[in-house]
Amino acid sequence: MRAITAKADVAVELGDLSWADTSLMLDLLMLARRMRARGHTLLLRDAQPQILALLELVGLDRLPGVRLEHSAPAPVAALA
């Protein structure tokens, strides 16, 4: 509810999400629509590959006012 009434851009951290269904995709689509109508951006961060595939399948990545952001993976230390 806070995201819907936000007066600025909204970032949604998806890194811990391992499963999603159509109800979440519809919620994100509606949120993106409302954000765009107010001139704000919806930022979707760090989606796991299966969630990213679903976001792309429903076209969230192509909507104006929606950005997908991926953090660079942490470097792996070499074992000596």
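Any read-out appearing in this document is the output of simple, stated calculations on the displayed coordinates, not a laboratory observation. Here the structure is a predicted model, which is why all the values come from computation and not from measurement. Ideal geometry is used to build each Cβ from the backbone, glycine not excepted, and the neighbour counts take in all protein chains shown.
Data overview
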{"quantity": "Projected area, mean over directions - the chain, Cα convex hull, nm²", "calculated": "6.2"}
{"quantity": "Positive dipole terminus of segment 1-58, leading residue within 14, 57, 31 (C-beta point charges)", "calculated": "31"}
{"quantity": "Net dipole in debye of the chain [+1 Lys, Arg Cβ; -1 Asp, Glu Cβ; about Cα centre; nearest 20]", "calculated": "500"}
{"quantity": "Computed over the chain: relative contact order in percent, which uses C-alpha pairs under 8 Å that are six or more apart", "calculated": "33"}
{"quantity": "Modelled FRET efficiency - R0 30 Å, residue 58 with residue 8, Cβ distances, 0.05 increments", "calculated": "0.75"}
{"quantity": "Computed FRET value (nearest 0.05) for residue 40 with residue 18, which takes r as the C-beta separation and R₀ as 30 Å", "calculated": "0.60"}
